[in-house]
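Asks: What follows is a structure written as structure tokens; I'll ask about it next.
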């Protein structure tokens, strides 16, 4: 193997209450793809932020080519040949591709020359881009190309990629991997951050595993089993959710040809969406981010009123009803964004309980809130779902992502819904909490509820759903039993190739 | 009513004069909002500029010196807003309102000794040759230097935002401060500078009121001009060229209603003097009914680099 | 280097303490201001904050003024605070105050010189309706077209001032006033006079309504589901929609309440302390109430205290003007500074100071 490019020794960074990185050391060699593997909260982000000059380490040092490397800003990091493709937060919707690229460069060429180079480089690497399109109008995959091109234009020696595949279809992932392999043969080192084990096993030469801020191991992923990697990442084995045998009952929720225009320029319209879910059944809805997931949830929760006759609950048309009336009727939901949508960050858990449970749990009488009852309801959720919090009076924002997610999902489940719709129920949640939430979903189904889980995590959907459908540009494919599917079929469904025109649905 | 007594040449010339204070304040506020900050204190900075400019002009005998002092005073006052909102993370709406209240109080305190005094005013700057043109010459090319400077400022701001790298960074910060921060731009520094620029422009606008347009100091003389400047930024969809259109349109309404009042038009005086405000509301309705496009995405959102 | 770090939840201690720190800082800086003006700072501060209540010479006259001035401030600020809690920025209370006064006074004057006991209640209703209707303009425009309520409500202040100027020399002018602008004087018309209820206290109907408003607002915000929805809308608009709150309804409700309360304040002022509709009967209470609302932390009890404090600065300011020759405008500046210092120290409620070695930000 070639020489060491970046050498990290004893990096430590503490935030109040947590040590994000504790004495982390490893090396990245020229021309290798090196995985950084770990759960949410394991310290991956903090580590790359230190390499990219966004955060200064408390202790420890880095060397590039043997020379001391202590970037005080991203621009210093870029000058040393380090470039980074972010998962979120580095594009500007209202600016065009060329402007976005230019902002990521320290010494950009003149606008005309830049546009030409963007065309050249993007085509050379199989990622074509129009430099004059507004970034806000691009798909998630195209947005990622902008970030990658921005890095490539600076001839980086080390390219950091943060969870690059979470926004891509399986086919797009293949294209990305081709690009990365090409870069590798040109001698660029890649630090690849992910928690998707199969990806890492097929792509990466080495992997460094972080757990709770500490380095657990550096290994060759192709030589390890996925199970072994997962255990190193999580630290202990945890219960995999078990589905009890369920009997499918009557159809509880039926959506017929639901179309809704996009509420604003950066949203997706729903186009002729139809599906049905029966009692005791879990329907998984997959798809790449930004293909109508939020819009579908809003149409089901009642935040957006749908055209009459398109949403039926237990045979009754509820399309014109708002969230309160739909809850009364037995349809509950949980949106993706915990802070600010499912829960109010600065309000206590008691108040956040009242948020959706006010009427079903009789927390309000003649307009006045019974705070004693509200407190008891919050405490029941906390107990039943093992929410780690000092008490129900604590503000929602003080809880960790996993604990708050358990609270908001538990809040709906304890209200005994007939139909429950969840969007990304385990997004950004640690493995143990995710397993607990999935188990709760399966238990609820076993008790006879109909459940819709919208998720971008295909593994999760394969694990808990009975049937699977995919959203693509606001269209929903026909739902198919999970048992009949393989990766290729799922990829086609997600990519919008709805060629398998089977009958409209199973009933 | 005798509309014939309203001369077109004088009308256009006085529209330019009456639009200039709002134009200055609005172009400054637009830059601030482009950086993602909503400063509702324009009225307070304007009136402080008006009184400080007046005081310095009277004491020094030089109106230009007054303008410089007014710009500094506006910037100084806006730095208090910048400190509070950018470093102490206070609510921008509340802080802007507070700035207006402070400015109104401060100005009447400073202004007490200057009530009823006349100040030296700016000489007309006849542009050679052009000002000798018939009709157009006196209408467009025989103004004081601040009128031309305000127009030049609009062009400069337009070019700065469109063609320079610094302008691109400023827009980027206003679009998404998280992205800008992730790329290593100093969000707080960019915003601080933008706020100072906005303050200086508001101060200049105020001084134009007290030194040229009126020209005198009276308490509360801005009479909502700062708020109208804020409305014009919305009207202009955050574009420099349209700021010019908006300010001149508004200047036109003001001059027209004054002329109608003077000509004894058969319209209640209260309605005429309220017309600039009513028309501002009307314009806001039309703009928002069409959907306010172009607002910077991070406008009025506080930024805190959490990690 | 000093760095701010977000607290996991707002600190209750700092929520209560910051207004006190702000008042203290204002006294210090205000004292420096007075010193610069040539007045003895200690004496000036004492004249403003102590003498109006405790000075044996003036207190008998100034003490009742406390409630007279605090009444409208509290009434308006309570209404504003409900809207501010929901993120609805009605800053045109001054206009609603004027329109309430005009409508209420107009309703009464239509029945001049009747001495019916029904007239005053009728005027109260008309005053509240006048303020409500004026606030409905920005409310309807916001819900219908998405127009910014800050700018519209503020523009309407200037419109209301022009209407005031017009009616006080036209429609509502006292026919027996020898052509001077200004309406009939309600103090000389018993059926409509909002007189002092308990002699020597300054307590009038407006103060009673202010106290009722404090209690009602407390119950609404702390216990009622509508109050919960208002707070939820301000804290997290998306979560409010998810909970089923209709944002249009909240805008109408909040602007309606604040407009009606400001209108009431105007009516009580014009029939009581001011006595008549005149071009300049309004004295900026609508704007000062914004400071009162913030200083009281948007909490009804806090607003009660803040209203009294702000009334004190008004009275003390007049006293200082009289006794020490301090310019009247410095009190306005004083009040503005108070708001500024409050906003500045507010950071400690949500953030903690950290001293760090080196931090790239």
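Laboratory data are not the source of any read-out in this text; all were calculated from the coordinates shown. Because the structure is predicted, anything quoted here is derived from the model rather than measured. Here the Cβ is made from the backbone with ideal geometry for all residues, glycine too, and neighbour counts use every protein chain on show.
Asks: Residues of region A:202-227 with amide nitrogen under 15 Å from the 7 Å Cα-to-Cβ point of residue A:63?
Replies: none
Asks: In 10 Å bins starting at 0, how do the alpha-carbon pair distances of the protein assembly as shown split up by percent?
Replies: All Cα pairs, binned at 10 Å, distribute as 2, 9, 16, 20, 20, 15, 10, 6, 2, 0, 0 percent.
Asks: Follow-up. Between residue C:283 and residue C:112, what FRET efficiency comes out of the Förster formula 1/(1 + (r/R0)^6) with R0 = 25 Å and r the beta carbon distance, rounded to 0.05? Walk me through the numbers on the way to the answer.
Replies: Numbers: r = 25 Å, r/R0 = 1.02.
About 0.45, to the nearest 0.05.
Asks: While we're looking at this one, here's another question. What residues from region B:145-166 fall in the zone where the backbone N is under 20 Å from a label point 7 Å along the Cα-to-C-beta line of residue B:124?
Replies: B:145-151
Asks: Alpha carbon centre of region C:208-237 versus region A:374-409: separation in Å?
Replies: 25 Å
Asks: With bins 10 Å wide starting at 0, give me the P(r) of region B:226-302 over every alpha carbon pair, in whole percents.
Replies: Percent of Cα pairs in each bin: 18, 43, 26, 10, 2, 0.
Asks: Here's another thing I want to ask about it. What's the angle, to the nearest 10 degrees (0 to 90), between helix A:111-124's Cα axis and the longest principal axis of chain A?
Replies: So the inclination is approximately 80 degrees.
Asks: Let me know the shape class of region B:1-143, please: from the alpha-carbon gyration tensor, a ≥ b ≥ c as square roots of the eigenvalues, rounded when a/c is under 1.5, otherwise prolate if a/b is greater than b/c, or oblate. Mind showing how you got there, number by number?
Replies: Numbers: a/c = 2.25, a/b = 1.72, b/c = 1.31.
Cα axes put region B:1-143 in the prolate bin.
Asks: If you don't mind, another one. Pop a pseudo-label 7 angstrom from the Cα along the beta-carbon direction at both residue C:193 and residue C:37 and give the gap in nm to one decimal.
Replies: Here the modelled spin labels are 3.5 nm apart.
Asks: Now for a separate question. Let me have the 222 nm mean residue ellipticity of chain A computed from DSSP H runs of 4+ only, each contributing -39500 (n - 2.57), with the sum over all residues rounded to the nearest 500. Could you put the intermediate results ahead of the total?
Replies: Working: 16 runs with 163 residues, N = 507.
Result for chain A, helices only: -9500 deg cm²/dmol.
Asks: Taking chain B as the region of interest, what is the percent of Cα-Cα pairs per 10 angstrom bin, listed from the shortest bin to the one with the maximum distance?
Replies: The distribution over chain B is 7, 27, 34, 23, 8, 2, 0, given as percents.
Asks: Taking Cα atoms, how many degrees apart are the long axis of helix A:170-185 and the longest axis of chain A, rounded to 10 and kept between 0 and 90?
Replies: The helix A:170-185 is inclined about 10 degrees to chain A.
Asks: Please compute the modelled spin-label separation between residue A:223 and residue A:18, points set 7 Å along Cα→Cβ, answer in nm with one decimal.
Replies: It works out to 3.2 nm between the two label points.
Asks: Relative to the longest principal axis of chain B, what angle (0 to 90°, nearest 10) does the C-alpha long axis of helix B:269-289 take?
Replies: 40 degrees
Asks: Between region A:49-77 and region B:183-207, what's the alpha-carbon centroid distance in Å?
Replies: Going from one Cα centre to the other spans 32 Å.
Asks: Label residue C:144 and residue A:316 with points 7 Å out from Cα along Cα→Cβ: what is the distance between them in nm?
Replies: 3.6 nm
Asks: Turning to a different aspect of this structure: Calculate the translational D of region B:131-248 in whole µm² s⁻¹ from Stokes-Einstein, where the hydrodynamic radius comes from the Kirkwood formula applied to all Cα pairs, the temperature is 4 °C and the viscosity 1.567 mPa s.
Replies: Details: Rh = 16.5 Å.
Rounded, D is 78 µm²/s.
Asks: What is the diffusion coefficient of region A:299-444 in µm²/s, taking the Kirkwood radius over Cα pairs and the Stokes-Einstein relation at 20 °C with a viscosity of 1.002 mPa s? Kindly include the intermediate steps, with their values, before the conclusion.
Replies: Details: Rh = 15.5 Å.
The Stokes-Einstein estimate is 138 µm²/s.
Asks: Let me ask something else. For n ≥ 4 DSSP H runs only, could you compute -39500 (n - 2.57) per run for chain B, divide by its residues and tell me the 222 nm figure to the nearest 500?
Replies: Numbers: 12 runs with 204 residues, N = 307.
Only helices count here, giving -22500 deg cm²/dmol.
Asks: Based on the alpha carbon coordinates of chain A, what radius of gyration and maximum Cα-Cα distance (Dmax) apply, in Å?
Replies: Both quantities, over Cα of chain A: 24.0, 75 Å.
Asks: Tell me, in nm to one decimal, what length is gained between residue C:201 and residue C:321 on full extension, where the rule is 0.36 nm per residue of separation less the Cα-Cα distance?
Replies: Here the answer is 40.9 nm.
Asks: Please report, to two decimal places, log10 I(q)/I(0) for region A:4-234 at q = 0.09, 0.16 Å⁻¹ as given by the Debye formula with identical point scatterers on the Cα atoms and no solvent.
Replies: At q = 0.09, 0.16 Å⁻¹ the computed log10 ratios are -0.36, -1.14.
Asks: Out of every Cα pair in region C:62-294, what percent are spaced more than 23 Å from each other?
Replies: On the way: 12481 of 27028 pairs.
Summing the P(r) tail past 23 Å for region C:62-294 gives 46 percent.
Asks: Taking a label point 7 Å from the Cα of residue C:176 along the Cα→Cβ vector, which residues of region C:246-289 have an amide N closer than 19 Å to it?
Replies: C:271-272, C:275-278, by backbone N distance to the label point.
Asks: Next question. Any idea how far the Cα center of region A:139-161 sits from the one of region A:433-486, in Å?
Replies: About 32 Å separates the Cα centre of region A:139-161 from the one of region A:433-486.
Asks: Using Cβ contacts closer than 10 Å as the measure, can you line up A:215, B:162 from fewest to most? Intermediate results must be reported in sequence, preceding the final value.
Replies: On the way: A:215 21, B:162 12.
By the 10 Å Cβ count, ascending: B:162, A:215.
Asks: Which order results if B:46, C:221, C:323, C:337 are arranged by neighbouring Cβ count within 10 Å, fewest first? Could the numbers behind the result be given before it?
Replies: Values: B:46 38, C:221 19, C:323 15, C:337 24.
The order, fewest Cβ neighbours first, is C:323, C:221, C:337, B:46.
Asks: Something else now. So how much slack lies between residue C:12 and residue C:122, counting 0.36 nm per residue of separation and subtracting their Cα-Cα distance, in nm? Show your work: numbers first, answer last.
Replies: Values: separation 110, 0.36 × 110 = 39.60 nm, distance 4.33 nm.
Length gained between residue C:12 and residue C:122: 35.3 nm.
Asks: Something else: Nearest 500 deg cm²/dmol is fine: what mean residue ellipticity at 222 nm does chain C get from its DSSP H runs of n ≥ 4 alone, each adding -39,500 (n - 2.57), divided by its residue count? Spell out each step's value before the answer.
Replies: Details: 15 runs with 248 residues, N = 361.
Only helices count here, giving -23000 deg cm²/dmol.
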